[in-house]
Amino acid sequence: MSTLPMISRLAVDDTGRAATEPLREDIRFLGGLLGQVIADHAGAETFALVEDSRRDAFAVRDRELSRDVLAARYTDPGVAQLLPVIRAFSNFALLANLAEDLHRERRRRIHLLAGDPPQPSSLAASLTALAASDCTDDEVGAALAHGAVIPVITAHPTETRRRSVFDAQNRITELMRVRARTELTPAEAAALDAEIGEQILRLWQTALIRLRRLTISDEITTGLRYYDASFFEVVPRLNRDVRRMLSETYPAADLEELSIITMGSWIGGDRDGNPFVTGEVVTEATSAAAAAALRHHLDEVHELRQELAMSARLVGPITDDLRRLGGPECLDDDEPFRCALRVVRARLAATGRALLGTDFLTATELEWAQDARAYADPAELSADLDVVDAALRAAVDASIADNRLGALREAVRTFGFHLSGLDMRQNSETHEEVIAELLAWAGACPDYRSLDEAERVALLSAELTSRRPLLQAGADLSDLAVKELGVLEAAATAVARFGPAAVPTYIISMCTSVSDLLEALLLLKEVGLYGLDAEGAPVCTVRVVPLLETIEDLQAGAAILTAALELPFYRALIDVQQGVQEIMLGYSDSNKDGGYLAANWALYRAELDLVAAAAAAGIALRLFHGRGGTVGRGGGPSYDAILAQPPGAVQGSLRLTEQGEIIAAKYAEPISARRNLETLVAAALESTLLDTEGLGEDSAAAYAVLDELAALARSAYGDLVHRTPGFVEYFTDSTPLSEIGALNIGSRPTSRKQTTAISDLRAIPWVLSWTQCRVMLPGWYGTGSAFSAWVGDDPDRLAQLADYYRRWPFFRSVMSNMAQVLAKSDLGLAARYAELVPDADLRERVFGMIVNEHARTLDMYAAITGTDDLLADNDALKRSVYNRFPYLEPLNLMQVELLRRFRSGQDSPQIRRAIQLTMNGLATALRNSG
């Protein structure tokens, strides 16, 4: 098995080589500096091992050297010798990512400077397409009445980068931009290169990962890091640009209140399977977010005071409103803008003191706040800033008002005092257990769990239309109930302190029924987040969101929605929540349940059914896409994924999770953050207002074909994953699954509960494990068998699939994402991991099934698309895979060797750290690993 050839279909030639030469030059430059650092600071022996590994890895790629030769390099050295080699290739992956991001930026600039048409996925291109359509102002206004694009930041075990590493990467990015765009003297160029070298030295001397287990506090800090890095700068300006550009094209659409991008987070609120999320953690997460928002607003007001030093003697008449804002002492002040902003600054400081305590403020800020009145809410702050804005426009110039002040006004609209909405999430089984206990304690139902669904809905509805609480002070409850209620009480406190936007959503994992929805509402009622107004109508600022995860739950989703809306009080609740029902779609568990093609089609079908159910009920639907970074968890290019949604699925708004290496790749600095957020908005606008499906009257037939293909794919996938004896053992032995749990990676356990069942395993370790061993199974397995069985020997059927590939964005996206996964797979390396399975018969049987299906999938991809070049539609990724993936080879081979040692009993802090470093390095290099 160790000599199995790599299976890869990438046609790399010299086409476009000139365009990518600057990228190769950047990689050579950065790699050379890293090599010099290694030689100077790790010694000649380490440098030689790194260089020999690099040379041999490329020789393996080019079929000039057996993989056995390279693998043999790592069998004798001790862990202490291998650690710097792992660090070398991991750091190179960081630098190569950086160079590729800069190259994409460079290519975009070239297109812009050449006056080329706007690039697809840009806001300009989308608005051009909209302008060419027959959309009216009224249609645009109605479609965007609840317009919202909400990226939700979530924690991920492989995104554990230290702040110092993060800062060094950003500094290198800035310096490389200067190097590329600035005409430098020889001395300046040498100094710049030396500074880049110093930053790379910092990277080399900084530990890439923490030695201790990641805590939720670490994850909260990491998630908030992106606000200072990019979100504070980018989101307000992009919101303002979107509103301006749409209003120019559709002036009667009434979009003055549209701030389309807001931010969300799961970090500190997602307790599904994470026992470390407590009420204290919820308080920490919401308080830290509020502190970041208020700190931003305070700092910006301070900067405005420095900038707006205009003299009343030198500018136009000062408005009476501005004078009143400044107070009596400012009536004759010569610097009225500074005077007014001093009041704003003092009130903001008082707000920080009221919401977060005196420790939040500096000594100087405490003095400002001493006699000031806190703002009651962000709207009050916005009103004061509006006064300053109007005065600037009247007395000075609109351009100054539009600059820092304009960005701050938009930031207050977007971030408020809460920064981002913290979603709460818990599993329906836990809700059921706690509700059963509360009902029994209150004497409302001694055995809730024995009731059937109709009886549960009747009982829960009665409680939710009554003002009577179930509990009172001193209730004797289990530890579980106390903890769950403590989390919700902390959420209620956060809403009271920071406003309803602080906790906007409550997500119910594994939601399979209406009673699952109502149980969550009843828990919210117990802490005051749900209630009845004077007329008995329900009031709740928190949206209860069912998460449909398995294929069966996706298929039942529309029926659950319809049944819930038939309850008068629930329909009334949706009506007071702007008539919007949000539903979350689980990409990860549906994939783990039924495989790649079956899951993707189940999601599409579920969306079609949910859109129809919502339309029939006369409500708006917002879908929340629980996408991971990798294709096996719904990943892939966001623009293509959104355009591949069925008609009516976007409706001007969407939410989607962002996690893992994807967050850093997209949002680590302002230019990439702007591009990626703009892509989400562009796709949302096009999906809402244009016909992007492209099937026309052929849709029913196409849907029927995919029904058949999905069933075949699910069966083939189930034959391996659910029905092959010993599969779980093979999976555990041939991947780093057990080590992900044992090596303190992430704050969350790898399983929801102690079990060996695939169904209970969390999706991230499932996908991460297959990615690390380069099988990438969740992104393709079962698809080849389905295509092969459905097509058979019928050329018409093959032509039909080829037609779908050309015309149907959904099918094209499925095929393209699968091809990306296949291009990153390497069954030659996977065979090395398979050798870790002690049972030879099991190893041969399961790995043989994987190899055969892999080949079948490659063949069917080529037959349907007309090319065996897996990345024919993505030249940039093709060159990345071809040029960079040899650098992954040593990391994989060293990981296999270290796993072998670790499992043979060679346990030590060093070997644990080395394995974790290989995981981190591979995740970084693959960029969308879990």
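All but one of (1) over 25 Å from Gly141 (Cβ atoms); (2) touching a residue at least 60 places away in the same chain (Cβ under 8 Å); (3) among the hydroxyl-bearing types (Ser, Thr, Tyr) hold for Ser653; which doesn't?
For Ser653, the failing item is (1).
Has segment 620-639 got at least one residue that is more than 20 Å from Val152 (Cβ to Cβ), over 19 Å from the mean Cα position of the chain (by Cα) and modelled with pLDDT of 90 or more?
no
Within segment 89-127, count every residue that is crowded, with 16+ Cβ neighbours inside 10 Å and farther than 19 Å from Ala673 by Cα.
Looking only at that region, the number is 6.
Could you identify the single residue in Ala93, Ala59 that is touching a Ser or Thr at 6+ places or on another chain (Cβ under 6 Å) and either in a helix (DSSP H, G or I) or more than 21 Å from Gln199 (Cβ to Cβ) (or both)?
Ala93
Quick check on Ala876: is it in the same structural domain as Ile86 (by TED's automatic domain parsing) and farther than 18 Å from Thr783 by Cβ?
Values: in the same structural domain as Ile86 (by TED's automatic domain parsing): no; farther than 18 Å from Thr783 by Cβ: yes.
When the stated conditions are applied, Ala876 does not pass them.
Can you tell me which condition Ala855 does not meet? The list is (1) small (Gly, Ala, Ser); (2) crowded, with 16+ Cβ neighbours inside 10 Å; (3) in a helix (DSSP H, G or I), and all the others hold.
Just one mismatch for Ala855, condition (2).
So that you can scan it fast, the table gives a plain yes or no per residue for (1) closer than 30 Å to Ser509 by Cβ; (2) out of contact with any helix residue (DSSP H, G or I) (no Cβ under 6 Å at 6 or more places or on another chain); (3) at pLDDT 95 or above; (4) not β-branched (Val, Ile, Thr):
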{"site": "Asn274", "(1), (2), (3), (4)": "yes, yes, no, yes"}
{"site": "Gly279", "(1), (2), (3), (4)": "yes, no, yes, yes"}
{"site": "Ala291", "(1), (2), (3), (4)": "yes, no, yes, yes"}
{"site": "Arg295", "(1), (2), (3), (4)": "no, yes, yes, yes"}
{"site": "Asp320", "(1), (2), (3), (4)": "no, yes, no, yes"}
{"site": "Val344", "(1), (2), (3), (4)": "no, no, yes, no"}
{"site": "Gly352", "(1), (2), (3), (4)": "no, no, yes, yes"}
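Would you confirm whether any residue within segment 252-272 is touching a strand residue (DSSP E or B) at 6+ places or on another chain (Cβ under 7 Å), basic (Lys, Arg) and in contact (Cβ under 8 Å) with a residue 12 or more places away in the chain?
Within segment 252-272 (the criterion being touching a strand residue (DSSP E or B) at 6+ places or on another chain (Cβ under 7 Å), basic (Lys, Arg) and in contact (Cβ under 8 Å) with a residue 12 or more places away in the chain), the answer is yes, since at least one residue qualifies.
Might you check whether a residue that is crowded, with 22+ Cβ neighbours inside 10 Å, aromatic (Phe, Trp, Tyr) and part of a loop (DSSP other than H, G, I, E, B) occurs anywhere in segment 265-278?
yes
Look at Ala462 and say whether it is assigned to a helix (DSSP H, G or I), assigned by TED's automatic domain parsing to the domain that holds Gly499, among the small types (Gly, Ala, Ser) and under 35 Å from the mean Cα position of the chain (by Cα).
Criteria not met by Ala462.
Being more than 16 Å from the chain's Cα centre (by Cα), closer than 25 Å to Leu829 by Cβ and in a loop (DSSP other than H, G, I, E, B) narrows it down to one of Thr724, Thr692, Thr732, so name that one. Let's see the steps before the verdict.
Values: Thr692 fails: closer than 25 Å to Leu829 by Cβ; Thr732 fails: in a loop (DSSP other than H, G, I, E, B).
Selected residue: Thr724, the only one of Thr724, Thr692, Thr732 that is more than 16 Å from the chain's Cα centre (by Cα), closer than 25 Å to Leu829 by Cβ and in a loop (DSSP other than H, G, I, E, B).
Would it be correct to say that Asp320 is surrounded by fewer than 16 Cβ atoms within 10 Å (Cβ to Cβ), more than 34 Å from the chain's Cα centre (by Cα) and over 29 Å from Leu419 (Cα atoms)? Don't jump to the end; show me each part of the working.
On the way: surrounded by fewer than 16 Cβ atoms within 10 Å (Cβ to Cβ): yes; more than 34 Å from the chain's Cα centre (by Cα): yes; over 29 Å from Leu419 (Cα atoms): yes.
So Asp320 fits the description; yes.
Please give the number of the condition Leu836 fails out of (1) in a helix (DSSP H, G or I); (2) touching a residue at least 24 places away in the same chain (Cβ under 8 Å).
(1) is the only condition that Leu836 fails.
Please count how many residues of segment 781-825 are over 27 Å from Gly694 (Cα atoms) and out of contact with any helix residue (DSSP H, G or I) (no Cβ under 8 Å at 6 or more places or on another chain).
Residues flagged as over 27 Å from Gly694 (Cα atoms) and out of contact with any helix residue (DSSP H, G or I) (no Cβ under 8 Å at 6 or more places or on another chain) within segment 781-825 amount to 1.
Residues checked against (1) out of contact with any helix residue (DSSP H, G or I) (no Cβ under 7 Å at 6 or more places or on another chain); (2) among the small types (Gly, Ala, Ser):
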| site | (1), (2) |
| --- | --- |
| Arg240 | no, no |
| Met245 | no, no |
| Ala252 | no, yes |
| Trp266 | yes, no |
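Just wondering, is there one or more residues in segment 777-792 that are touching a Leu at 6+ places or on another chain (Cβ under 8 Å) and at positive phi?
Yes, segment 777-792 contains at least one residue that is touching a Leu at 6+ places or on another chain (Cβ under 8 Å) and at positive phi.
The values are calculated or read from the model by the stated rules, or taken from the named source; none is laboratory data. What you see is a predicted model; the values in this text were computed from it and never measured. All Cβ positions, glycine included, derive from the backbone under ideal geometry; neighbour counts span all protein chains shown.
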